[in-house]
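The values are calculated or read from the model by the stated rules, or taken from the named source; none is laboratory data. As the structure is a computational prediction, the values presented were derived from the model and not from experiment. Neighbour counts run over all protein chains shown; Cβ positions are idealised from the backbone, glycine included. These area figures cover heavy atoms from the full protein model, side chains too; ligands, DNA and RNA do not enter into them. Shrake-Rupley method; radii C 1.70, N 1.55, O 1.52, S 1.80 Å.
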Amino acid sequence: MKRALAAAALTATLVAAPGVAPAPAFAASYLPASRAAAAPGSDRATSSGSHRVTSTGPHGAASTGADRAASSSSLDRTTSFGPNDRAASSGSHRVASSRHAGTLGRAADASYRTLGAANHPDWMASVPDATSLAGLSIPGTHDTMAIHGGALTETQEDFGDSGGTLARQLVAGIRMIDIRARINGGNTFTIHHGAVYQQANFTDVVRVLSDFLAAHPAETVIMRLKQECTGELGSCTDVPGQKSFQDIFDSYVTPVFWQPSVTRSTAAETPTLGQVRGKVVLAVMHSAFGGVIEHYGLTQFATWSDGPYVQDNYNVPNIWAIATKRDQVRRFLDATSAGDPTKIYVNFGSGASLFAQPQQVAGGAFGVQGVDPFLLTYLNEGHGLTRTGVLVLDFPGSGLIEKIIGFSSPR
């Protein structure tokens, strides 16, 4: 389904703007509000440090862009990690959370597309150190940085390029992220959803995470990392002649990562919160076709396929099938609450197809209730739930985020 969806997205993208699919790494700080296509000569990489990012043409030919670090002022335009943790969006980075909702005929509510109203940058601080990550209820985002490409590929509210959207999610309380990377020239990663470059690089991801966790050292962030490109129609193609995905990842590893989770030879047991405060925990690393890469991540995710600890039934063939997806999420939520307390349960609320776009599955359409409003109602009703596990969502709203976090509060 995801490949078919990406193929449709690529077709639309190529018709509208040839060459956008493997777009050059462009410094988002300088993008106008209209996000007009930049002239080739103005391509700037948002890579920093030793990572040199190259742009590629439609057929994978690499051309070097001008290396430029994403400045701290760029991050400050989007979200402040200072004591007040207020969104500081301005200019072209300031995007109202209802930007898409109006055009899609779906009003924002507490469950859906109101992430900008959430402010929970330190919610883990009150959780005891001895608490296992498996015991936490954690809001997460599916395809965390997918804010470009139109209705078929966008899965999150847009709070800015070059990591701005990720930064705002972290302040809102999101603590599991789903990162999709393409192997680019110079042995670097750029962030994609299928064929569509998301105007961010992996250096942006590491920078935002490092800045946030330095400002909020009681928190931890769980990451799922996936090699996005399959080379098939509708997907991206990795730049040839580069190192392996895992070798490139190793070059990005800094002390912000919890070391036991980024050791390729040995997977890690599920840690307590006290062991990983101020760190990024890699849960799993996936290859282009879904296989687990070596032994990165946590032992329990050596196999990630659906059941018993992961629900990711992403194929929602049409609007009327949203009800089935809601039921899958509900059943897995019940199983999580009653399940093995030593295991992390990951429950994807996301789903899509050509006839049920991500925002429709999340928010509802044509009188069919979406996953997000259903979840908020179900959690508010109680149903004897003691934990939610990790709920990985498209377009989560402030009320839903707060409700999930509430299950982790000391009682």
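Out of all the residues in region 274-287, which are over 21 Å from the mean Cα position of the chain (by Cα) and either crowded, with 22+ Cβ neighbours inside 10 Å or not small (Gly, Ala, Ser) (or both)?
Within region 274-287, just Gln275 meets the criteria.
Only one residue in Ala323, Ala302 is at pLDDT below 95 and on the phi < 0 side of the Ramachandran plot, so which one is that?
Ala302
Can you tell me which residue is nearest to Ser305 (Cα to Cα) among those in region 217-258 that are among the small types (Gly, Ala, Ser), open to solvent by less than 30 Å² (accessible area, probe 1.4 Å) and out of contact with any Leu (no Cβ under 6 Å at 6 or more places or on another chain)?
Ser235
Give me the pairs: first residue in region 156-175 and among the hydroxyl-bearing types (Ser, Thr, Tyr), second residue outside any loop (DSSP other than H, G, I, E, B) and buried (at least 24 other Cβ atoms within 10 Å of the Cβ), beta-carbon distance under 7 Å, and six or more apart or on different chains, which are they?
Ser162/Ala28; Ser162/Gln199; Ser162/Ala200; Ser162/Asp204
Take region 301-320 and flag every residue that is in contact (Cβ under 8 Å) with a residue 24 or more places away in the chain, over 18 Å from the mean Cα position of the chain (by Cα) and open to solvent by 20 Å² or more (accessible area, probe 1.4 Å).
Residues satisfying the conditions are Ala302, Pro308, Tyr309, Asn315, Pro317, Asn318, Trp320.
Starting from region 218-239, keep only residues that are within 30 Å of Pro271 (Cα to Cα), then list their pairs with residues that are polar (S, T, N, Q) and part of a loop (DSSP other than H, G, I, E, B) whose Cβ atoms are within a distance under 6 Å, requiring at least 6 positions of separation or different chains.
Correct list of pairs: Gln227/Ser287.
Name the residue that is surrounded by the most Cβ atoms within 10 Å (Cβ to Cβ), counting only residues in region 354-392 that are in a loop (DSSP other than H, G, I, E, B) and aromatic (Phe, Trp, Tyr).
Across region 354-392, the extreme among qualifying residues is Phe355.
Yes or no: Ile293 modelled with pLDDT of 95 or more, open to solvent by less than 50 Å² (accessible area, probe 1.4 Å), over 24 Å from Thr131 (Cβ atoms) and over 22 Å from the mean Cα position of the chain (by Cα)?
For Ile293, the condition - modelled with pLDDT of 95 or more, open to solvent by less than 50 Å² (accessible area, probe 1.4 Å), over 24 Å from Thr131 (Cβ atoms) and over 22 Å from the mean Cα position of the chain (by Cα) - is not met.
Take region 132-155 and flag every residue that is polar (S, T, N, Q), in a loop (DSSP other than H, G, I, E, B) and touching a strand residue (DSSP E or B) at 6+ places or on another chain (Cβ under 6 Å).
Thr144, Thr153
Are any residues in region 184-213 open to solvent by 10 Å² or more (accessible area, probe 1.4 Å) and either part of a strand (DSSP E or B) or in contact with a strand residue (DSSP E or B) (Cβ under 6 Å, 6 or more places away or on another chain) (or both), and if so, which ones?
Answer for region 184-213, where residues must be open to solvent by 10 Å² or more (accessible area, probe 1.4 Å) and either part of a strand (DSSP E or B) or in contact with a strand residue (DSSP E or B) (Cβ under 6 Å, 6 or more places away or on another chain) (or both): Gly186, His193, Gln199.
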